[in-house]
4 protein chains.
Amino acid sequence: MTIAVIYGGTRPNGNAETLTDLAINGLEVEKIYLGEYLIQPIKDGRHSEEGFQEVSDDYNSIINRLLPHDTWIFSTPIYWYSMSGIMKNFIDRWSQTMRDANYPEFKTHMSKKKAYVIAVGGDQPYVKGLPMIQQFQHIFDFMGMTFEGYVLGEGNKPGDILNDKKAVYAATELLRR
Amino acid sequence: MTIAVIYGGTRPNGNAETLTDLAINGLEVEKIYLGEYLIQPIKDGRHSEEGFQEVSDDYNSIINRLLPHDTWIFSTPIYWYSMSGIMKNFIDRWSQTMRDANYPEFKTHMSKKKAYVIAVGGDQPYVKGLPMIQQFQHIFDFMGMTFEGYVLGEGNKPGDILNDKKAVYAATELLRR
Amino acid sequence: MTIAVIYGGTRPNGNAETLTDLAINGLEVEKIYLGEYLIQPIKDGRHSEEGFQEVSDDYNSIINRLLPHDTWIFSTPIYWYSMSGIMKNFIDRWSQTMRDANYPEFKTHMSKKKAYVIAVGGDQPYVKGLPMIQQFQHIFDFMGMTFEGYVLGEGNKPGDILNDKKAVYAATELLRR
Amino acid sequence: MTIAVIYGGTRPNGNAETLTDLAINGLEVEKIYLGEYLIQPIKDGRHSEEGFQEVSDDYNSIINRLLPHDTWIFSTPIYWYSMSGIMKNFIDRWSQTMRDANYPEFKTHMSKKKAYVIAVGGDQPYVKGLPMIQQFQHIFDFMGMTFEGYVLGEGNKPGDILNDKKAVYAATELLRR
C-alpha cells in the first residue's frame, strides 16, 4: 500500500492539511497540492465532433503521479458546503481521462483504489458537510473505488482544528482500521 | 424583477442550457456563460496577514453585471454529482467579495435575491443530484437568498433533455409560480 | 404489470392520497391503507436465542396481498421530514420476513419489484423531503428493487396539493414513463 | 443540566444502547425505553372538524417525564436507514402535542432543549445513515432545539459496537464538549 494525498486547500497550513497530517503521521506519502498547479476546467467534448481537445496544463502530470498509489486521500477545506473549486475541477477532468487513448485502463485502475476524505469547515460541518460526503460516495461508486472512511472537522482560523478532539482522534485512527 | 442566468456548462447548447431556455422563454434575461471567462480559484486570505489579494480576472466584472438583477438562475450540468467546477470556483470567490471594501454591502444585497437552480445529469440525477440541491440550499441560506425552486433533468447527448417530459414541464412552470 | 399502493397516511383524502389518485387514474390497483390495520413494531430477534417471534397482527396478511404485484407505490404524507411512523413500522418488519421460513424467497421476490414514492409535505418538501428520498433509495437498493420514480408535492390542508401544478403534472406522468 | 435518553431499540443491550451507555457513563439520567410502552401512531386531526382525539396510551406520560429535562439524547438502532418505527411514531405524535391544550407551551419548552443523536447500523452507517442525521437536523430546527452532536457507529450483533473505536471515542466525548 502506498498513499497519495490530494490537497484542495488554498492557503498554507490550513485546517484540512493539519488534520490530514495527523492521519498520515509517520507514513511515506506522495503529496499533491492542487493549488500549486494549473488545472483547467473541463471542456465537455463527449458529444462534439472533434471530441476532447488536448489541454496544456498540469493535470496529466498530476494524474501520472497519483496513479501508482493505491490509497488516495482527498483533503479539502469545505468551501460553500462542498469541496474546493480546484478539487472539483480536478475531478471533473476525470471525464476526459476516461476517454483519453493515453489512459486506456483509467477506470479499471481507479476501481482498485481505496479512497479517504478529510474535510474541515467552519459552518456546522458535521451536518452541512454531509451532502459533500454523499457526493464523494457517488463519485467513488461510479469509479468502483472503495470509500474507506472520512473525517469531518470544524475550524476556521488555522490551528482551530486541533480543538476538535473528535476529529483529531478520528484522523489519528483513520488509516489504522 | 429582472433576471440573470449563470451558466456553468462548458459546451454550447448543452442540456442544462436547453432546459433553462424553456424556463426563460420570452423573458428578457442577462446571460452569463462562465465558460467564456477567466475565473481564478479563490486563495483563502481570511486569516493571512496580507488578507485577500486583488485578482486579475473576469470575476468582478461578472459580479457587477449580476448584482443589479434580483433573480438569479444557476444553470449547470451535473458533473460528478455536483455543479461544474467553474461554477464552484465562481461561488467560492464570494468569500472574497464578502470581505472586499469595494462591495461593502455584498451580503445584504445578496440576501434580497431570489435563486433558482436548473441542472441536468446523466446518472440518476433525480436521486444522485439531491446532495447538490441540499448544498445550494445551504449556500442560499448562508447568504439569506430565497431558494425559489429547482428543476432536475436527465440527459447525456445534447437534446436528450427534451425527452424528459417531467423536467420540460417543470422548467416551463418554474418562474410562473 | 399489476400495481399495489401502500398508503401511509392517517386521515381520509389526505394530500398524498389525492396526488396518488392522479398517478393511478384509470388503472386497476390494489389499495392498502396501513392506517386501517394493526402493524406491530418489529422486535429485533436476529441475534437472540429464540429468534423472531410470531406476531399476531395484520402485517402478514398485508404482505400476502402485496407480493403478487410487481409495482409498489409508497404513498405517504411527510411527517417530520420522513415517511409516517406506520409506514416505517411496516418496512421495519421486512427484516423479520426476510428470516421467516414461511417466506423463503422474500428478498428474491422483492428484487423483482418496481417501486415508486409519492409524498406530500407542508414544510419545503422539495428540499427537506430529500433525505427521505435518499432513504427510500437505500431501502430499494438493499432489496434489489428498482426505484422507478418519485413525486414530491407541497400541501397542508386536504386539497392543497391540487395547487401544486408541478406535482400534479409529475404524478400524472409518473407511471407513463 | 439534566439528561433524558429516549431509546428506540427493540432488544435488550442492543448496540445503540451500549454506545449510549458510554456517553452517559457516570451521569444521572432518566431512561425511557420506548419499546416497553404503547405509543399509538398519530391520527392527523389538524384539519378535521373534531380535531385531534384523546389517545389512550403511554405517550403523554412519557412526554411528562421528558419535559423537565433540558438535554435529550435520541438513541436508536438504524433500521432501514432511519430511526426505528417506534421512535418515529413517538416523534410523529409531537404534532398532536403542539395542538394539545394541556401542553400550551410545548414548542416553546422544546425550543430550549439540547439534542443529541446516537445511532448504530450494520450497513455502512457512516454514509447511509446521513439522511437520518439530516432529518434529525430538520426536526430540531423546526422545534428550535439545538443539535449539539451525534455519533454514528457500526455493528450488527450485540457488542459489535465496541469494535468501532471511532464511535466509542466519539460517544465518550459527546457530552463533554
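Criterion first (among the aliphatic types (A, V, I, L, M) and farther than 30 Å from C:Phe142 by Cβ) does D:Leu66 satisfy it? Judged against the criteria, D:Leu66 is a match. Residues of region D:124-177 that are part of a helix (DSSP H, G or I), closer than 23 Å to D:Leu27 by Cβ and among the basic types (Lys, Arg): D:Lys165, D:Lys166. Beta carbons closer than 7 Å, at least 6 apart along the sequence or on distinct chains, pair a first residue in region B:66-86 that is touching a residue at least 60 places away in the same chain (Cβ under 8 Å) and more than 19 Å from A:Met132 (Cα to Cα) with a second that is of a type in the set (A, V, I, L, M) and assigned to a loop (DSSP other than H, G, I, E, B) for B:Asp70/B:Met1; B:Thr71/B:Met1. C:Asp123 meets the stated requirement of being surrounded by fewer than 19 Cβ atoms within 10 Å (Cβ to Cβ) and more than 16 Å from the chain's Cα centre (by Cα). For B:Ile118, the criteria (1) among the β-branched types (Val, Ile, Thr); (2) in contact (Cβ under 8 Å) with a residue 60 or more places away in the chain; (3) surrounded by fewer than 17 Cβ atoms within 10 Å (Cβ to Cβ) hold in every case but one, which is (3). Select from region A:63-83 the residues that are aliphatic (A, V, I, L, M) and touching a strand residue (DSSP E or B) at 6+ places or on another chain (Cβ under 6 Å) and write down the one among them that is farthest from A:Ala16 (Cα to Cα). Taking the candidates together, the pick is A:Leu66.
Is there any pair with a first residue in region A:1-15 that is under 8 Å from A:Pro77 (Cα atoms) and a second that is assigned to a loop (DSSP other than H, G, I, E, B) and basic (Lys, Arg) whose Cβ atoms are under 9 Å apart and which are 6 or more apart or on different chains, and what are they? Note: pairs meeting the criteria are A:Asn15/A:Lys157. Could you please find all residues in region D:160-169 being modelled with pLDDT under 95 and under 21 Å from D:Tyr79 (Cβ atoms)? None; the set is empty.
Scanning region C:144-159 for residues that are modelled with pLDDT of 95 or more, surrounded by fewer than 24 Cβ atoms within 10 Å (Cβ to Cβ) and either within 9 Å of another protein chain (Cβ to nearest Cβ) or closer than 12 Å to B:Val127 by Cα (or both) returns C:Phe147, C:Glu148, C:Gly149, C:Tyr150.
In the condition set (1) at positive phi; (2) touching a Phe, Trp or Tyr at 6+ places or on another chain (Cβ under 6 Å), C:Asp92 is compliant with all but (1).
Could you go through region D:127-143 and let me know if any residue there is touching a strand residue (DSSP E or B) at 6+ places or on another chain (Cβ under 6 Å), more than 13 Å from chain C (Cβ to nearest Cβ) and in contact (Cβ under 8 Å) with a residue 12 or more places away in the chain. No, there is no match, as no residue in region D:127-143 is touching a strand residue (DSSP E or B) at 6+ places or on another chain (Cβ under 6 Å), more than 13 Å from chain C (Cβ to nearest Cβ) and in contact (Cβ under 8 Å) with a residue 12 or more places away in the chain. Could you please let me know if B:Glu49 is surrounded by fewer than 16 Cβ atoms within 10 Å (Cβ to Cβ), free of Cβ contacts under 8 Å to residues at least 24 places away in the same chain and under 16 Å from the mean Cα position of the chain (by Cα)? Against the criterion (surrounded by fewer than 16 Cβ atoms within 10 Å (Cβ to Cβ), free of Cβ contacts under 8 Å to residues at least 24 places away in the same chain and under 16 Å from the mean Cα position of the chain (by Cα)), B:Glu49 does not qualify. Every test in (1) under 22 Å from C:Tyr79 (Cβ atoms); (2) under 13 Å from the mean Cα position of the chain (by Cα) is passed by D:Lys114 save one, and that test is (1). Selection within region A:160-173: residues that are surrounded by fewer than 21 Cβ atoms within 10 Å (Cβ to Cβ) and in contact (Cβ under 8 Å) with a residue 60 or more places away in the chain. The member of this set that is farthest from A:Thr20 (Cα to Cα) is A:Asp160.
The values are calculated or read from the model by the stated rules, or taken from the named source; none is laboratory data. Everything quoted here is computed from the prediction, not taken from an experiment. Backbone-built Cβ (ideal geometry, glycine too); neighbour counts: all protein chains shown.
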